[in-house]
Amino acid sequence: MGDIEQFFRHSHYNIIRILLSISGLWPFHTRNRRYAIYLAMLLILGSGFIFEMLGIIEVKHDSFEVIDALPLLLFAIVTISKTFCAVYTLPQIKVLLIKMQEYCLSPKSDEETKIQILHAQYGRKLGYAYTGFLLGHSVLYILSTLLTRILYTESEKTETLSKVQIGLPYRVNYMVDLDTYYVPIFIHSAICDFSYTVLLVVFDVLYLTLVEYCCGLFAALRYRLETALVLKNDRLTMTTTKDKSYANIAYSIRRHTETMQFVAVIESVYSLPLFIHIGLTVLILSVLGYQVITNTENINRLLKPTAYLNGLLINVFFENWQGQKIIDSSEKVFESAYNSEWYNMPIAARKLLIMMMIRSERPSILRMGKIIVLSYVTFNTVLRTSSSYFMLLRSL
């Protein structure tokens, strides 16, 4: 465990070690340490979810208030379901991390090492940017709730604060007077909302790091294919023939197989949680769109849904963007194999290359629920479906 801990600590993948350690999902920690973090999350998020459910039950006879509270409840459900799925698939996550270490330490050409480092650096920068954006957006969302309370108290409204619950991230019912205990209630609900965002960031940053790692594998593989006739194999221990082109093609086939297996493990980890996320996102987007349109003249009710809508759109686009990157990177393998100097290769090497071209003609994909492919097309479908439900809500 110490070796892999040190490897990630001193590599460009350190961000996922930090985030997984914070959330208790670092598979190389002791079981007691992980369970202690799980217990803390259960106490914080569990209590917040219960009070949120009580808040919705309190207004169950008012359909407008239920619709207003629904997006944040679904957000909590999405985050909790993703966390449970991550805990359940922790052995697969451990396998992925071990494979990353093994490849980075395996013998390969200097150019392949450089390609992988460039992709790792890009993934690290993207991970920091995504983390900063979502956490910053969460802080702004929480601050906007305080702003709505200030604007509300300065206005001449006749409704009471406890009735509309102005100044809280989501509708709650703590079974005490809201005005009297507003500060502790706001602090607890804000911590819960921020914790949901942190867990979402952990899950998504691990996702983008794994995807970027796969893109690096495909890019290094393409380089090996394009230089199969000129690249030497002195540093590779797997060669069993003096013909360098045959050895390079054989090496490429092995790397291609390993990369496809890596993509399959990623899909096994993210298939169910992303399916739940995208499915509920359709409902959330339609409700948020309805809230934004119907509250355009009420700044108190407009700030929160607008802030939430912006963050959610970025999140959904991001997840489908990563799936599209896998498709694009794997498709280019066929092009590199076709553009290689296969006509100068011996017959045995050509036969291996044909086998690889046949397999790489079908791009690798990430699917949600083993059904829906993550891609730009899926993102467009989510937006169109959400728009349809939004128009239905407006007509009702």
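The values are calculated or read from the model by the stated rules, or taken from the named source; none is laboratory data. Just so it is clear, the structure is predicted and the values come from calculations on it, not from any experiment. Backbone-built Cβ (ideal geometry, glycine too); neighbour counts: all protein chains shown. In case anyone asks, the SASA skips ligands and DNA or RNA and just uses the protein heavy atoms, side chains included. Shrake-Rupley method; radii C 1.70, N 1.55, O 1.52, S 1.80 Å.
Structure above, values below:
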quantity: (i) 22.2, 72; (ii) 31.0, 97; (iii) 25.0, 88, with the label sought being that of the calculated Rg and Dmax of the Cα atoms in Å; calculated: (iii)
quantity: Rough spin-label spacing in nm, given labels placed 7 Å along Cα→Cβ, for K370 and N14; calculated: 4.1
quantity: Cα centroid separation, the stretch 342-383 to the stretch 9-52 (Å); calculated: 35
quantity: Within the chain, longest stretch free of exposed trypsin sites (Lys or Arg not before Pro) [DSSP loop, at most 15 other beta carbons within 10 Å]; calculated: 243-369
quantity: Estimated [θ] at 222 nm from DSSP helical runs (n ≥ 4, -39500 (n - 2.57)) normalised by residues in the chain, nearest 500; calculated: -27500 deg cm²/dmol
quantity: GluC sites (Glu not before Pro) lying in DSSP loop within the stretch 298-396, provided at most 15 other Cβ fall within 10 Å; calculated: E341, E361
quantity: Residues whose placed amide H lies under 5 Å from that of M368, excluding near-sequence neighbours; calculated: V373, L374
quantity: Span-like helix ranges in the chain, DSSP H, alpha carbon extent 27 angstrom or more, Kyte mean at least 0.5; calculated: 31-58, 63-88, 182-226, 244-294
quantity: Pairwise FRET efficiency - D110 versus I187, Cβ, R0 = 41 Å, nearest 0.05; calculated: 0.15
quantity: For the chain, size of Cβ-based charge dipole, Lys and Arg +1, Asp and Glu -1, in debye; calculated: 1380
quantity: Per residue accessible area in Å² of the chain, where ligands, DNA and RNA are left out and the probe is 1.4 Å; calculated: 48
